[in-house]
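Bear in mind these aren't lab numbers, they're just calculated from the coordinates by the rules spelled out. Keep in mind the model is a prediction, meaning the values are calculated, not measured. Heads up, the Cβs are rebuilt from the backbone with ideal geometry, glycines too, and the neighbour counts pull from every protein chain shown.
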Amino acid sequence: MSAADLPDPTQIEGAAHPRDTHHLFGQARAEADFLEAFTTGRLHHGWMLTGPRGVGKATLAWRIARFLLTRPHEDDGGLFGAPPPPASLDSDPDHPVARRIHAQSEPGIFLLKRGPNDRETALSADIRVDDVRRLKSFLHLSSAEGGRRVVIVDAADEMNTAAANALLKLLEEPPHGVTFLLVSHQPARLLPTIRSRCRELRLATLSAGDMAAALAQAEVEHPTLEALAALAGGSVGEAIRPTNLDGVELRAPRRADGHPAPTGPDQGPVAGRQRHRQGNEALRPDAVGWPTCSCRAHKAGVAVAPPPKPPPPARADAPAGSSASTAVVRR
């Protein structure tokens with residue numbers, strides 16, 4: 001197996017690559033924060049995109065990269081004055097930069113990701129310092145298209161210590177016109193000095209409506225799409241991954257024999273708990289004083305008899321060495 005045959009660690013199997021996903025759903029707040037910094041002239045050189053997996057961090061990074069590279073680095077307004085400030089991060093898909101990004105031939109973008117191991121038989125477990133050295137070579141090249149360049153690190157959590165320290169030096173002395181976009185699923189794993197040199201864009205989980213729109217854009221087809229979105233917990237990536245391995249069927253409720261559990265209105269765990277409560281009402285001698293059962297049988301919907309009542313306490317006048325029940329029988 002050659003390095004070209006290895007899977008892309010920045011792409012979810014069964015979904016389009018983030019560079020080819022032009023629409024981002026449910027992250028308007030993060031986009032607005034970056035756009036405000038751009039339009040007010042306070043564009044930071046380092047940005048850290050954080051949040052759960054599969055909520056669009058890499059997609060936002062590529063949207064920002066397209067946005068920056070399709071706009072001139074320094075615009076004096078020209079003869080007709082300065083253009084109006086942008087209202088969104090959308091870019092023209094027919095722009096030459098967008099075409100080159102789709103063809104993976106844009107010279108103004110560097111994607112720092114996990115590469116092959118030494119034998120090129122599998123992906124490396126982390127981003128190594130040799131990968132960061134290739135980034136340094138990219139930064140030493142002359143820039144084009146207005147002078148802007150973008151570095152995407154996906155994911156920054158996967159850098160080993162040597163690679164993290166090498167990237168830190170670049171963040172401490174950033175080259176002119178370079179914007180660093182660090183995708184981070186667990187920012188606590190990054191060096192504190194790296195976090196302090198980046199401005200954070202926090203991405204949240206998606207609502208049900210945004211999940212439906214994002215799954216439709218990804219062309220995910222599944223007979224139980226609502227259950228798929230519910231299991232994903234607001235993460236598009238987590239909703240796409242189970243479809244490749246029939247994960248929805250595997251995680252669906254099942255009986256002890258392995259067959260799917262009934263889910264009708266009179267079946268399932270809720271109806272089982274109701275039947276269990278009804279059975280306990282019939283079995284117990286009185287309806288007062290018995291605690292609610294929380295055993296496994298209760299959760300499985302099986303009626304369980306209440307525990308037996310404790311024996312009466314021993315009488316003070318009972319003979320020594322005899323139990324209370326024996327004293328009652330002797331009377």
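Brief remarks on what is shown
- Charge dipole of region 1-140 (Cα centre as origin; +1 on each Lys and Arg Cβ, -1 on each Asp and Glu Cβ, all else neutral): 300 debye, rounded to the nearest 20.
- Inter-site label distance for ASP90 and SER207 at 7 Å from Cα along Cβ, in nm: 2.0
- Length, then width, then depth: along the principal axes, the Cα atoms of region 106-247 run 51, 38, 31 Å.
- Label sites at GLU13 and ARG199, each approximated as a point 7 angstrom past Cα along Cα to Cβ, lie 3.9 nm apart.
- The magnitude of the dipole of region 168-227, with charges of +1 and -1 set on the Cβ of Lys/Arg and Asp/Glu and taken from the Cα centre, is near 500 debye.
- Stretching the chain fully between ASP33 and GLU221 yields a gain of 64.4 nm (0.36 nm per residue, less the alpha carbon separation).
- Estimated FRET transfer efficiency when R0 is 22 angstrom, pair GLN186-HIS140 (beta carbons, to 0.05): 0.10
- Full extension of the chain between ALA230 and ASN165 gives 19.4 nm of extra length, using 0.36 nm per residue less the Cα-Cα distance.
- Given +1 at the Cβ of Lys and Arg, -1 at the Cβ of Asp and Glu and no other charges, the dipole of region 126-245 around its Cα centre is 640 debye to the nearest 20.
- Region 1-54: GluC sites (Glu not before Pro) in DSSP loop, at most 16 other beta carbons within 10 Å: GLU13
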